[in-house]
Ligand code: PFF
(Lines give C-alpha, C1' and ligand atoms only; values in the text may rest on other atoms or scores of the structure.)
Protein backbone atom coordinates (compact mmCIF):
# COMPACT_ATOMS: atom_id res chain seq x y z
CA UNK A 1 0.00 0.00 0.00
CA UNK A 2 2.70 2.42 0.97
CA UNK A 3 4.18 4.24 -2.02
CA UNK A 4 6.40 6.63 -0.19
CA UNK A 5 8.89 6.05 2.60
CA UNK A 6 7.86 8.35 5.42
CA UNK A 7 10.28 10.97 6.61
CA UNK A 8 11.08 10.91 10.34
CA UNK A 9 11.78 13.65 12.88
CA UNK A 10 15.54 14.12 13.15
CA UNK A 11 15.52 13.83 16.96
CA UNK A 12 13.40 13.68 20.08
CA UNK A 13 13.85 17.44 20.47
CA UNK A 14 12.60 18.06 16.94
CA UNK A 15 9.52 16.01 17.71
CA UNK A 16 8.99 17.76 21.02
CA UNK A 17 9.17 21.20 19.44
CA UNK A 18 6.70 20.21 16.74
CA UNK A 19 4.30 18.49 19.13
CA UNK A 20 4.45 21.34 21.62
CA UNK A 21 3.97 23.68 18.68
CA UNK A 22 0.83 21.78 17.80
CA UNK A 23 -0.46 21.77 21.35
CA UNK A 24 0.35 25.39 22.12
CA UNK A 25 -1.98 27.49 20.06
CA UNK A 26 -4.96 29.79 20.13
CA UNK A 27 -6.38 27.36 22.66
CA UNK A 28 -3.71 28.31 25.21
CA UNK A 29 -3.25 32.00 24.68
CA UNK A 30 -6.62 33.14 23.45
CA UNK A 31 -9.14 30.62 24.78
CA UNK A 32 -7.70 29.37 28.09
CA UNK A 33 -7.52 32.79 29.79
CA UNK A 34 -11.09 33.70 28.98
CA UNK A 35 -12.61 30.39 29.98
CA UNK A 36 -10.69 30.55 33.24
CA UNK A 37 -12.31 33.97 33.63
CA UNK A 38 -15.76 32.65 32.76
CA UNK A 39 -15.43 29.76 35.18
CA UNK A 40 -14.28 31.76 38.13
CA UNK A 41 -10.52 31.16 38.25
CA UNK A 42 -8.70 28.80 40.64
CA UNK A 43 -11.15 25.94 40.81
CA UNK A 44 -11.24 25.65 37.05
CA UNK A 45 -7.45 25.77 36.79
CA UNK A 46 -7.14 22.92 39.28
CA UNK A 47 -9.77 20.86 37.55
CA UNK A 48 -8.08 21.48 34.22
CA UNK A 49 -4.74 20.26 35.54
CA UNK A 50 -6.37 17.16 36.97
CA UNK A 51 -7.97 16.37 33.61
CA UNK A 52 -4.62 16.82 31.85
CA UNK A 53 -2.97 14.34 34.21
CA UNK A 54 -5.72 11.74 34.38
CA UNK A 55 -6.93 11.75 30.77
CA UNK A 56 -4.57 14.00 28.83
CA UNK A 57 -1.22 12.31 29.28
CA UNK A 58 -2.56 8.74 28.87
CA UNK A 59 -4.39 9.76 25.71
CA UNK A 60 -1.42 11.54 24.16
CA UNK A 61 0.53 8.31 24.80
CA UNK A 62 -2.29 6.33 23.20
CA UNK A 63 -2.38 8.37 20.01
CA UNK A 64 1.39 8.53 19.62
CA UNK A 65 1.55 4.75 20.05
CA UNK A 66 -1.13 4.04 17.43
CA UNK A 67 0.82 6.26 15.04
CA UNK A 68 4.21 4.77 15.73
CA UNK A 69 3.36 1.07 15.84
CA UNK A 70 3.28 0.80 12.05
CA UNK A 71 4.76 4.19 11.21
CA UNK A 72 2.05 4.88 8.68
CA UNK A 73 -0.66 7.56 8.37
CA UNK A 74 -3.89 7.18 10.39
CA UNK A 75 -6.23 5.33 8.01
CA UNK A 76 -3.60 2.70 7.20
CA UNK A 77 -2.61 2.50 10.86
CA UNK A 78 -6.15 1.64 11.96
CA UNK A 79 -6.53 -0.84 9.08
CA UNK A 80 -3.24 -2.63 9.66
CA UNK A 81 -3.54 -2.78 13.42
CA UNK A 82 -6.97 -4.40 13.22
CA UNK A 83 -5.86 -6.97 10.64
CA UNK A 84 -7.81 -10.21 10.97
CA UNK A 85 -10.55 -8.72 13.17
CA UNK A 86 -14.18 -8.70 12.11
CA UNK A 87 -14.37 -5.05 13.09
CA UNK A 88 -11.61 -4.01 10.67
CA UNK A 89 -13.86 -2.01 8.27
CA UNK A 90 -15.18 -0.05 11.24
CA UNK A 91 -11.66 0.87 12.37
CA UNK A 92 -10.71 1.92 8.86
CA UNK A 93 -13.67 4.25 8.99
CA UNK A 94 -12.46 5.58 12.34
CA UNK A 95 -9.12 6.39 10.69
CA UNK A 96 -11.00 8.23 8.01
CA UNK A 97 -13.12 10.34 10.35
CA UNK A 98 -10.08 11.16 12.40
CA UNK A 99 -8.55 12.72 9.27
CA UNK A 100 -11.69 14.75 8.59
CA UNK A 101 -11.81 16.23 12.10
CA UNK A 102 -8.70 18.44 11.79
CA UNK A 103 -10.02 19.74 8.47
CA UNK A 104 -13.22 20.80 10.22
CA UNK A 105 -11.16 22.50 12.93
CA UNK A 106 -9.10 24.33 10.32
CA UNK A 107 -12.33 25.63 8.81
CA UNK A 108 -12.66 28.03 11.76
CA UNK A 109 -9.07 28.08 13.08
CA UNK A 110 -7.69 29.69 9.91
CA UNK A 111 -10.21 32.50 10.28
CA UNK A 112 -9.11 33.31 13.84
CA UNK A 113 -5.44 32.96 12.84
CA UNK A 114 -6.29 35.58 10.22
CA UNK A 115 -7.65 37.95 12.89
CA UNK A 116 -4.34 37.77 14.73
CA UNK A 117 -2.35 38.61 11.59
CA UNK A 118 -4.75 41.47 10.89
CA UNK A 119 -4.19 42.84 14.42
CA UNK A 120 -0.41 42.80 14.01
CA UNK A 121 -0.89 44.85 10.86
CA UNK A 122 -3.41 47.18 12.48
CA UNK A 123 -1.13 48.00 15.41
CA UNK A 124 1.86 48.58 13.14
CA UNK A 125 -0.14 50.92 10.95
CA UNK A 126 -1.55 52.78 13.96
CA UNK A 127 -5.14 51.76 13.40
CA UNK A 128 -5.38 50.72 17.02
CA UNK A 129 -3.80 53.85 18.49
CA UNK A 130 -5.50 56.59 20.50
CA UNK A 131 -8.60 54.56 21.04
CA UNK A 132 -10.94 54.60 23.98
CA UNK A 133 -12.76 51.55 25.31
CA UNK A 134 -15.75 50.97 23.10
CA UNK A 135 -13.78 52.05 20.07
CA UNK A 136 -11.75 48.86 20.01
CA UNK A 137 -15.05 47.03 20.09
CA UNK A 138 -15.96 48.95 16.99
CA UNK A 139 -12.65 48.04 15.32
CA UNK A 140 -13.30 44.36 16.03
CA UNK A 141 -16.91 44.61 14.91
CA UNK A 142 -15.81 46.33 11.70
CA UNK A 143 -13.37 43.53 11.02
CA UNK A 144 -16.11 40.95 11.51
CA UNK A 145 -18.24 42.92 9.05
CA UNK A 146 -15.60 42.98 6.31
CA UNK A 147 -15.76 39.77 4.27
CA UNK A 148 -12.91 40.80 1.97
CA UNK A 149 -10.51 41.66 4.81
CA UNK A 150 -11.35 38.50 6.76
CA UNK A 151 -10.82 36.32 3.71
CA UNK A 152 -7.57 38.08 2.84
CA UNK A 153 -5.96 37.43 6.24
CA UNK A 154 -7.43 33.94 6.48
CA UNK A 155 -5.91 33.18 3.07
CA UNK A 156 -2.54 34.44 4.22
CA UNK A 157 -2.50 32.07 7.21
CA UNK A 158 -3.61 29.22 4.94
CA UNK A 159 -0.94 29.92 2.30
CA UNK A 160 1.84 30.07 4.92
CA UNK A 161 0.65 26.74 6.35
CA UNK A 162 0.32 24.99 2.99
CA UNK A 163 3.75 26.24 1.94
CA UNK A 164 5.41 24.83 5.08
CA UNK A 165 3.60 21.50 4.66
CA UNK A 166 4.52 21.21 0.98
CA UNK A 167 8.22 21.20 1.91
CA UNK A 168 7.99 18.06 4.00
CA UNK A 169 8.84 17.06 7.54
CA UNK A 170 12.47 18.14 7.89
CA UNK A 171 12.63 21.04 5.42
CA UNK A 172 9.14 22.27 6.24
CA UNK A 173 7.68 21.43 9.64
CA UNK A 174 10.94 21.06 11.55
CA UNK A 175 12.41 24.19 10.11
CA UNK A 176 9.30 26.21 10.89
CA UNK A 177 9.08 25.08 14.50
CA UNK A 178 12.82 25.57 15.00
CA UNK A 179 12.34 29.22 14.20
CA UNK A 180 8.87 29.87 15.58
CA UNK A 181 8.97 28.03 18.91
CA UNK A 182 11.99 29.84 20.40
CA UNK A 183 10.51 33.14 19.25
CA UNK A 184 7.20 32.21 20.79
CA UNK A 185 8.81 31.40 24.08
CA UNK A 186 10.90 34.56 24.07
CA UNK A 187 7.90 36.76 23.39
CA UNK A 188 5.84 35.04 26.06
CA UNK A 189 8.52 35.48 28.70
CA UNK A 190 9.02 39.13 27.74
CA UNK A 191 5.30 39.73 28.05
CA UNK A 192 5.17 38.19 31.51
CA UNK A 193 8.11 40.31 32.65
CA UNK A 194 6.46 43.39 31.19
CA UNK A 195 3.26 42.51 32.99
CA UNK A 196 5.13 41.90 36.25
CA UNK A 197 6.62 45.41 36.11
CA UNK A 198 3.20 46.89 35.70
CA UNK A 199 1.76 45.21 38.80
CA UNK A 200 -1.21 42.94 39.32
CA UNK A 201 0.78 39.75 39.87
CA UNK A 202 -0.55 39.11 43.36
CA UNK A 203 -4.15 39.44 42.22
CA UNK A 204 -3.42 37.17 39.29
CA UNK A 205 -1.87 34.58 41.54
CA UNK A 206 -4.86 34.66 43.84
CA UNK A 207 -7.30 34.56 40.98
CA UNK A 208 -5.63 31.60 39.29
CA UNK A 209 -4.78 29.51 42.29
CA UNK A 210 -7.37 30.13 44.98
CA UNK A 211 -9.98 27.51 44.31
CA UNK A 212 -13.60 28.12 45.12
CA UNK A 213 -14.86 24.57 44.98
CA UNK A 214 -18.45 25.69 44.81
CA UNK A 215 -17.70 26.70 41.26
CA UNK A 216 -16.95 23.11 40.26
CA UNK A 217 -19.86 21.21 38.79
CA UNK A 218 -20.48 18.85 35.90
CA UNK A 219 -20.60 21.70 33.45
CA UNK A 220 -17.14 22.93 34.44
CA UNK A 221 -15.87 19.36 34.17
CA UNK A 222 -17.18 19.12 30.63
CA UNK A 223 -15.68 22.49 29.82
CA UNK A 224 -12.30 21.57 31.32
CA UNK A 225 -12.19 18.26 29.45
CA UNK A 226 -13.07 19.89 26.13
CA UNK A 227 -10.42 22.54 26.68
CA UNK A 228 -7.77 19.99 27.68
CA UNK A 229 -8.45 17.82 24.61
CA UNK A 230 -8.37 20.79 22.29
CA UNK A 231 -5.24 22.16 23.88
CA UNK A 232 -3.40 18.83 23.78
CA UNK A 233 -4.40 18.33 20.13
CA UNK A 234 -6.20 15.09 20.96
CA UNK A 235 -8.74 13.34 18.78
CA UNK A 236 -7.64 15.13 15.64
CA UNK A 237 -5.18 12.72 14.00
CA UNK A 238 -2.38 15.16 14.74
CA UNK A 239 -0.75 13.08 17.44
CA UNK A 240 -1.27 9.94 15.36
CA UNK A 241 0.62 11.48 12.46
CA UNK A 242 3.31 13.15 14.55
CA UNK A 243 3.76 9.80 16.33
CA UNK A 244 4.18 8.01 13.02
CA UNK A 245 7.22 10.20 12.28
CA UNK A 246 8.76 9.43 15.68
CA UNK A 247 11.89 7.25 15.52
CA UNK A 248 11.50 3.96 17.40
CA UNK A 249 14.19 4.60 19.98
CA UNK A 250 12.46 7.61 21.54
CA UNK A 251 10.35 7.08 24.66
CA UNK A 252 6.67 7.78 24.07
CA UNK A 253 5.74 8.21 27.77
CA UNK A 254 8.50 10.79 28.22
CA UNK A 255 7.46 12.68 25.11
CA UNK A 256 3.80 12.66 26.18
CA UNK A 257 4.67 14.08 29.60
CA UNK A 258 6.89 16.71 27.98
CA UNK A 259 4.13 17.85 25.64
CA UNK A 260 1.46 17.94 28.36
CA UNK A 261 3.71 19.78 30.79
CA UNK A 262 4.82 22.42 28.29
CA UNK A 263 1.30 22.92 27.00
CA UNK A 264 -0.16 23.46 30.46
CA UNK A 265 2.74 25.65 31.49
CA UNK A 266 2.18 27.93 28.50
CA UNK A 267 -1.55 28.16 29.19
CA UNK A 268 -0.83 29.24 32.78
CA UNK A 269 1.89 31.64 31.73
CA UNK A 270 -0.48 33.16 29.19
CA UNK A 271 -2.73 33.90 32.16
CA UNK A 272 0.18 35.65 33.85
CA UNK A 273 0.80 37.71 30.74
CA UNK A 274 -2.82 38.78 30.36
CA UNK A 275 -4.59 38.97 33.74
CA UNK A 276 -2.21 41.42 35.48
CA UNK A 277 -2.73 43.90 32.66
CA UNK A 278 -6.47 43.55 33.07
CA UNK A 279 -6.43 43.81 36.87
CA UNK A 280 -4.10 46.81 37.15
CA UNK A 281 -6.15 48.70 34.63
CA UNK A 282 -9.37 47.98 36.43
CA UNK A 283 -10.91 46.39 33.36
CA UNK A 284 -13.64 43.80 33.30
CA UNK A 285 -12.62 40.23 32.61
CA UNK A 286 -14.47 40.11 29.32
CA UNK A 287 -15.36 36.69 28.10
CA UNK A 288 -15.03 35.36 24.59
CA UNK A 289 -13.04 37.04 21.85
CA UNK A 290 -13.55 40.36 23.63
CA UNK A 291 -10.79 39.67 26.15
CA UNK A 292 -7.99 39.50 23.62
CA UNK A 293 -9.35 41.46 20.66
CA UNK A 294 -11.16 44.28 22.45
CA UNK A 295 -9.93 44.74 26.01
CA UNK A 296 -6.19 44.22 25.55
CA UNK A 297 -5.75 46.66 22.63
CA UNK A 298 -7.17 49.52 24.71
CA UNK A 299 -4.70 48.79 27.48
CA UNK A 300 -1.73 48.33 25.16
CA UNK A 301 -2.59 51.69 23.69
CA UNK A 302 -2.31 53.36 27.10
CA UNK A 303 0.70 51.58 28.57
CA UNK A 304 4.34 52.59 28.19
CA UNK A 305 5.80 50.80 25.15
CA UNK A 306 2.34 49.40 24.67
CA UNK A 307 2.54 49.46 20.91
CA UNK A 308 5.66 47.30 20.86
CA UNK A 309 4.18 44.87 23.34
CA UNK A 310 0.88 44.88 21.49
CA UNK A 311 2.63 43.87 18.30
CA UNK A 312 4.55 41.21 20.20
CA UNK A 313 1.37 39.86 21.73
CA UNK A 314 -0.46 39.42 18.45
CA UNK A 315 2.66 38.03 16.78
CA UNK A 316 2.81 35.51 19.61
CA UNK A 317 -0.76 34.50 18.85
CA UNK A 318 -0.02 34.27 15.14
CA UNK A 319 3.07 32.09 15.65
CA UNK A 320 1.24 29.85 18.08
CA UNK A 321 -1.59 29.53 15.56
CA UNK A 322 0.68 28.62 12.62
CA UNK A 323 2.54 25.88 14.49
CA UNK A 324 -0.90 24.42 15.24
CA UNK A 325 -2.39 24.82 11.76
CA UNK A 326 0.51 22.91 10.23
CA UNK A 327 -0.22 19.99 12.54
CA UNK A 328 -3.90 20.08 11.56
CA UNK A 329 -3.08 20.23 7.85
CA UNK A 330 -0.52 17.40 7.90
CA UNK A 331 -2.80 14.35 8.48
CA UNK A 332 -4.74 14.70 5.22
CA UNK A 333 -1.61 15.44 3.22
CA UNK A 334 0.29 12.56 4.75
CA UNK A 335 -2.51 10.21 3.83
CA UNK A 336 -2.87 11.39 0.25
CA UNK A 337 0.87 11.18 -0.24
CA UNK A 338 1.15 7.69 1.21
CA UNK A 339 -1.57 6.35 -1.03
CA UNK A 340 0.30 7.72 -4.02
CA UNK A 341 -2.74 9.76 -4.97
CA UNK A 342 -0.76 12.99 -5.11
CA UNK A 343 2.78 14.15 -4.52
CA UNK A 344 3.19 16.10 -1.28
CA UNK A 345 3.16 19.40 -3.14
CA UNK A 346 0.02 18.60 -5.08
CA UNK A 347 -1.66 17.23 -1.96
CA UNK A 348 -0.90 20.49 -0.13
CA UNK A 349 -2.44 22.42 -2.98
CA UNK A 350 -5.56 20.30 -3.20
CA UNK A 351 -6.18 20.18 0.55
CA UNK A 352 -5.43 23.91 0.70
CA UNK A 353 -7.96 24.68 -2.03
CA UNK A 354 -10.67 22.67 -0.32
CA UNK A 355 -9.93 24.32 3.00
CA UNK A 356 -9.97 27.74 1.43
CA UNK A 357 -13.58 27.21 0.39
CA UNK A 358 -14.54 25.94 3.85
CA UNK A 359 -12.71 28.70 5.73
CA UNK A 360 -14.17 31.33 3.38
CA UNK A 361 -17.66 30.11 4.16
CA UNK A 362 -16.72 30.29 7.80
CA UNK A 363 -15.44 33.88 7.42
CA UNK A 364 -18.63 34.80 5.57
CA UNK A 365 -20.73 33.36 8.35
CA UNK A 366 -19.50 36.27 10.50
CA UNK A 367 -21.25 38.69 8.18
CA UNK A 368 -23.21 37.97 4.98
CA UNK A 369 -24.02 34.37 5.90
CA UNK A 370 -24.59 35.17 9.56
CA UNK A 371 -28.17 34.00 9.53
CA UNK A 372 -27.65 30.94 7.41
CA UNK A 373 -28.23 27.99 9.73
CA UNK A 374 -27.72 24.91 7.57
CA UNK A 375 -28.66 22.22 10.08
CA UNK A 376 -32.16 22.80 11.29
CA UNK A 377 -33.14 19.27 12.27
CA UNK A 378 -31.64 19.43 15.74
CA UNK A 379 -32.45 21.78 18.60
CA UNK A 380 -28.86 22.52 19.55
CA UNK A 381 -27.66 22.95 15.98
CA UNK A 382 -30.51 24.88 14.49
CA UNK A 383 -29.27 28.31 15.52
CA UNK A 384 -25.65 27.78 14.53
CA UNK A 385 -24.06 29.26 11.44
CA UNK A 386 -21.20 27.56 9.58
CA UNK A 387 -18.40 28.75 11.82
CA UNK A 388 -20.32 27.81 14.98
CA UNK A 389 -21.12 24.40 13.55
CA UNK A 390 -17.54 23.67 12.56
CA UNK A 391 -16.35 24.56 16.02
CA UNK A 392 -19.09 22.71 17.82
CA UNK A 393 -19.05 19.52 15.77
CA UNK A 394 -15.33 19.14 15.21
CA UNK A 395 -13.73 20.70 18.28
CA UNK A 396 -16.32 19.54 20.79
CA UNK A 397 -17.98 16.48 19.32
CA UNK A 398 -15.63 14.67 16.97
CA UNK A 399 -12.52 15.25 19.04
CA UNK A 400 -14.12 13.48 21.99
CA UNK A 401 -15.41 10.66 19.76
CA UNK A 402 -12.03 10.12 18.10
CA UNK A 403 -10.10 10.18 21.35
CA UNK A 404 -12.55 7.75 22.93
CA UNK A 405 -12.29 5.38 19.95
CA UNK A 406 -8.51 5.60 19.92
CA UNK A 407 -8.46 4.53 23.58
CA UNK A 408 -10.83 1.63 22.96
CA UNK A 409 -8.83 0.61 19.91
CA UNK A 410 -5.46 0.51 21.63
CA UNK A 411 -6.86 -0.93 24.83
CA UNK A 412 -9.11 -3.64 23.45
CA UNK A 413 -8.21 -4.35 19.82
CA UNK A 414 -4.47 -3.97 19.36
CA UNK A 415 -2.27 -6.80 20.55
CA UNK A 416 -1.16 -6.19 24.14
CA UNK A 417 2.39 -7.41 23.57
CA UNK A 418 2.92 -5.01 20.66
CA UNK A 419 1.76 -2.10 22.80
CA UNK A 420 3.91 -3.21 25.70
CA UNK A 421 7.01 -3.26 23.50
CA UNK A 422 6.22 0.07 21.91
CA UNK A 423 5.87 1.95 25.20
CA UNK A 424 9.05 0.60 26.75
CA UNK A 425 7.68 0.69 30.29
CA UNK A 426 8.06 -3.06 30.75
CA UNK A 427 5.19 -5.05 32.25
CA UNK A 428 5.25 -2.66 35.20
CA UNK A 429 2.50 -1.27 37.43
CA UNK A 430 2.82 1.95 35.43
CA UNK A 431 1.97 0.15 32.21
CA UNK A 432 -0.94 -1.65 33.84
CA UNK A 433 -2.19 1.57 35.37
CA UNK A 434 -2.06 3.38 32.03
CA UNK A 435 -3.80 0.48 30.31
CA UNK A 436 -6.62 0.44 32.87
CA UNK A 437 -7.12 4.14 32.32
CA UNK A 438 -7.48 3.80 28.57
CA UNK A 439 -9.45 0.54 28.69
CA UNK A 440 -11.91 1.43 31.40
CA UNK A 441 -11.69 4.91 32.87
CA UNK A 442 -11.53 6.87 29.60
CA UNK A 443 -14.38 4.98 27.90
CA UNK A 444 -16.68 5.44 30.88
CA UNK A 445 -15.79 9.07 31.52
CA UNK A 446 -15.66 10.27 27.93
CA UNK A 447 -18.67 8.16 27.01
CA UNK A 448 -20.57 9.90 29.78
CA UNK A 449 -19.51 13.34 28.59
CA UNK A 450 -20.49 12.41 25.04
CA UNK A 451 -23.96 11.39 26.04
CA UNK A 452 -24.29 14.84 27.41
CA UNK A 453 -22.94 16.33 24.20
CA UNK A 454 -25.46 14.34 22.20
CA UNK A 455 -28.16 16.24 23.97
CA UNK A 456 -29.17 14.03 26.84
CA UNK A 457 -28.25 17.01 28.90
CA UNK A 458 -28.18 15.38 32.31
CA UNK A 459 -24.77 16.78 33.09
CA UNK A 460 -25.37 20.35 32.16
CA UNK A 461 -29.01 20.53 33.20
CA UNK A 462 -29.30 23.24 35.80
N1 PFF B 1 -3.89 22.58 20.38
C2 PFF B 1 -4.25 23.69 19.54
C3 PFF B 1 -4.57 24.89 20.40
O4 PFF B 1 -4.56 24.78 21.63
O5 PFF B 1 -4.86 25.94 19.85
C6 PFF B 1 -5.39 23.38 18.61
C7 PFF B 1 -5.29 22.06 17.94
C8 PFF B 1 -4.16 21.75 17.16
C9 PFF B 1 -6.29 21.14 18.12
C10 PFF B 1 -4.06 20.51 16.59
C11 PFF B 1 -6.20 19.90 17.53
C12 PFF B 1 -5.08 19.61 16.79
F13 PFF B 1 -4.99 18.44 16.23
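The values are calculated or read from the model by the stated rules, or taken from the named source; none is laboratory data. No experiment lies behind these values; they were computed from the predicted model shown. No Cβ is skipped: glycine too gets one built from the backbone with ideal geometry, and neighbour counts run over all protein chains shown.
Structure data summary
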item	result
Test: residue in region 313-335 that is farther than 16 Å from residue 112 by Cα and more than 16 Å from the ligand (Cβ to nearest atom)	no
One residue from 265, 272 being part of a helix (DSSP H, G or I), within 16 Å of the ligand (Cβ to nearest atom) and at pLDDT 90 or above	265
Condition check for residue 99: over 25 Å from residue 248 (Cα atoms), within 16 Å of the ligand (Cβ to nearest atom) and within 22 Å of the chain's Cα centre (by Cα)	no
Residues satisfying the stated conditions in region 244-262, i.e. away from the ligand (no atom under 12 Å from the Cβ) and buried (at least 18 other Cβ atoms within 10 Å of the Cβ)	244, 245, 246, 250, 252, 253, 255, 256, 258
Residue under evaluation residue 39, criteria (1) over 22 Å from residue 340 (Cβ atoms); (2) at pLDDT 95 or above; (3) more than 16 Å from the ligand (Cβ to nearest atom), criterion not met	(2)
All positions within region 223-233 that are within 7 Å of the ligand (Cβ to nearest atom) and over 12 Å from residue 396 (Cβ atoms)	231, 232, 233
Filter result for the condition that a residue is within 16 Å of the ligand (Cβ to nearest atom) and in contact with a helix residue (DSSP H, G or I) (Cβ under 6 Å, 6 or more places away or on another chain), over 238, 210	238
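Residue-wise test of (1) touching a residue at least 40 places away in the same chain (Cβ under 8 Å); (2) surrounded by fewer than 14 Cβ atoms within 10 Å (Cβ to Cβ).
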| position | (1), (2) |
| --- | --- |
| 156 | yes, no |
| 161 | yes, no |
| 170 | yes, no |
| 173 | yes, no |
| 185 | no, no |
| 193 | no, yes |
| 200 | yes, no |
| 213 | yes, yes |
| 219 | yes, no |
